[in-house]
Amino acid sequence: MVKMFRWAGLVCAGMMALPAVAFAQKPWPVRVVVVTTFEKGADTGDQPGELQLWAEREHLTEHVAFPGGVHDILTNPEHTEIAIVTGMTLVNAGPSIMALGMDPRFDLTKAYWLVAGIAGADPQVMSVGSAAWARYVVNDVAQSIDMREVPKDWPYGVYAAGAVRPGTLEGSDQEHGPNAGYPIVFPLNAGLSHWAWERTRTVKLMDTPEMRAYSKGWAEYPAAVKAPSVIQGDSFASDLYWHGHYLNQYARDWVKMFTNAQGVFAMSNMEDSAIASAMVRLDRMKKADFQRLMVLRTASNYTLPPKGRKAYETVSEGYSGDGLPAYEAAWRVGSVVVHELAGHWSVYEDHVPGHVP
């Protein structure tokens, strides 16, 4: 899971006192919203977080004050592409997306939304520096019992509300979709996800000797020692900062269970389900189109320890390359889709691309 708590106090460092952008009478018709969750320091010119490469390379030079969020909104001079920093964790991400969606200065009814964030990766599925397009975003509303108090045949102590044990929905009579009382699974537009993957699967990603050396500790997983690549894999979001073999197996089982065995756990994070939930509500309010939401997460670290190490020893260790391979992958992959959508607006303004293969 993404280990960015240590940067929480620095999120506002990039909020420089800049002149306010003047708005016309009509809202800006935005084409693409890039959604990031944190920035380490300044928005440009220093050690990057999730926002910086987008700010620098997409020429997002204008700052728009955003009282409903945690950071100024950045925009290009044409006001067709904007970028938001939601703040980390579910409790920040959801309100930030709702605040943007309700902001009368922007027309987001036809905008495509791209979550471009880093994540903890399951080494069974992908290697550090890889990127994954999600088809499902899954939440972690659950019941939990300490492992020391569970029956001996339970693999872990987390299970669905009302269920008789982990790994099954038996006994649980609740709905679990986006509009449920306890929403857990958010199916994204599978056609759009597949289209984005098709357009980006050959993008060249960072692949350094340092990254390969970092991944040797997970050599028992063939995917972890392969060169970084672009895959389709699904997002599991939780405000619980978890790490280790047992909880990683829980995440695999949980995603599989709530997607009817269609989803594959690839990426752990602390924002995506809140972002998806906010988008569902904005869609109901005719403020945004949930079918235009894309979730791209890139691997900064692994969700379980390397061979021979304990989870408590590695949960707070730094990332390979201080996260740069993951930040690079997010921009290299995500920008291909952003440029295609925004640059061919006459094609995509009224037609969402993609089909389910």
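The values are calculated or read from the model by the stated rules, or taken from the named source; none is laboratory data. Predicted model only: the values in this text are computed from it and were never measured. Because the Cβ atoms are built from the backbone with ideal geometry, glycine has one as well, and the counts that use them run over all protein chains shown. Quick note on the areas: whole protein, heavy atoms, side chains included, nothing else; ligands and nucleic acids left out. Shrake-Rupley method; radii C 1.70, N 1.55, O 1.52, S 1.80 Å.
Which residues, taken from segment 197-232, are under 19 Å from the mean Cα position of the chain (by Cα) and under 13 Å from S320 (Cβ atoms)?
Once the filter is applied, which keeps residues that are under 19 Å from the mean Cα position of the chain (by Cα) and under 13 Å from S320 (Cβ atoms), segment 197-232 yields L205, P228.
Kindly provide the set of residues from segment 321-357 that are modelled with pLDDT of 95 or more, β-branched (V, I, T) and outside any helix (DSSP H, G or I), ordered by number.
Residue satisfying the conditions is V352 alone.
Pairs please, first residue from segment 155-166 and of a type in the set (V, I, T), second anywhere and outside any loop (DSSP other than H, G, I, E, B) and open to solvent by 10 Å² or more (accessible area, probe 1.4 Å), Cβ atoms under 9 Å, 6+ apart in sequence or on different chains.
Pairs found: V158/Q143; V158/S144; V158/L247; V158/Y250.
Out of A276, A288, which single residue is crowded, with 24+ Cβ neighbours inside 10 Å and not in a loop (DSSP other than H, G, I, E, B)?
It is A276.
For every residue, the table says whether it meets (1) within 22 Å of Y221 (Cβ to Cβ); (2) of a type in the set (S, T, Y); (3) more than 11 Å from the chain's Cα centre (by Cα).
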residue	(1), (2), (3)
F236	yes, no, no
K256	yes, no, yes
S268	yes, yes, no
E271	no, no, no
K287	no, no, yes
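Residues of segment 150-194 being under 21 Å from the mean Cα position of the chain (by Cα) and under 25 Å from A224 (Cα atoms), which ones?
S193, H194
Give the residues of segment 312-331 that are out of contact with any Ser or Thr (no Cβ under 8 Å at 6 or more places or on another chain) and more than 20 Å from A134 (Cα to Cα), sorted by residue number.
Hits for segment 312-331 are Y312, E313, T314, V315, S316, E317, G318, D322, L324.
Please go through segment 83-93 and pick out each residue that is open to solvent by 10 Å² or more (accessible area, probe 1.4 Å) and of a type outside the set (S, T, Y).
M88, L90, V91, N92
Any chance segment 261-273 includes a residue that's within 26 Å of E198 (Cβ to Cβ), in contact with a Gly (Cβ under 9 Å, 6 or more places away or on another chain), part of a loop (DSSP other than H, G, I, E, B) and open to solvent by 30 Å² or more (accessible area, probe 1.4 Å)?
Scanning segment 261-273, I find at least one residue that is within 26 Å of E198 (Cβ to Cβ), in contact with a Gly (Cβ under 9 Å, 6 or more places away or on another chain), part of a loop (DSSP other than H, G, I, E, B) and open to solvent by 30 Å² or more (accessible area, probe 1.4 Å), so the answer is yes.
Can you pull out the residues in segment 238-260 that are open to solvent by 10 Å² or more (accessible area, probe 1.4 Å) and either without any contact (Cβ under 8 Å) to a residue 12 or more places away in the chain or assigned to a helix (DSSP H, G or I) (or both)?
H245, Y246, L247, Q249, Y250, R252, D253, K256, M257, F258, N260
Of everything in segment 105-141, what is under 15 Å from K256 (Cα atoms) and among the small types (G, A, S)? Give them in sequence order.
A134 - this is the single residue of segment 105-141 that is under 15 Å from K256 (Cα atoms) and among the small types (G, A, S).
List pairs: first residue in segment 201-223 and over 21 Å from S335 (Cβ atoms) and open to solvent by 90 Å² or more (accessible area, probe 1.4 Å), second residue modelled with pLDDT under 95 and in a helix (DSSP H, G or I) anywhere in the structure, Cβ distance under 7 angstrom, at least six positions apart or on different chains.
Qualifying pairs under 7 Å: E210/S320; E210/G321.
Name the strands (runs of 3 or more DSSP E) wholly within segment 107-191 that hold at least 2 residues that are open to solvent by less than 20 Å² (accessible area, probe 1.4 Å) and of a type outside the set (F, W, Y)?
Result: 112-121, 131-133, 136-138.
Looking at this structure, is G9 assigned to a helix (DSSP H, G or I), at pLDDT below 95 and over 28 Å from F265 (Cβ atoms)?
yes
Give me a count of the residues in segment 310-350 that are among the hydroxyl-bearing types (S, T, Y), in contact (Cβ under 8 Å) with a residue 60 or more places away in the chain, under 18 Å from L108 (Cα atoms) and open to solvent by 20 Å² or more (accessible area, probe 1.4 Å).
0
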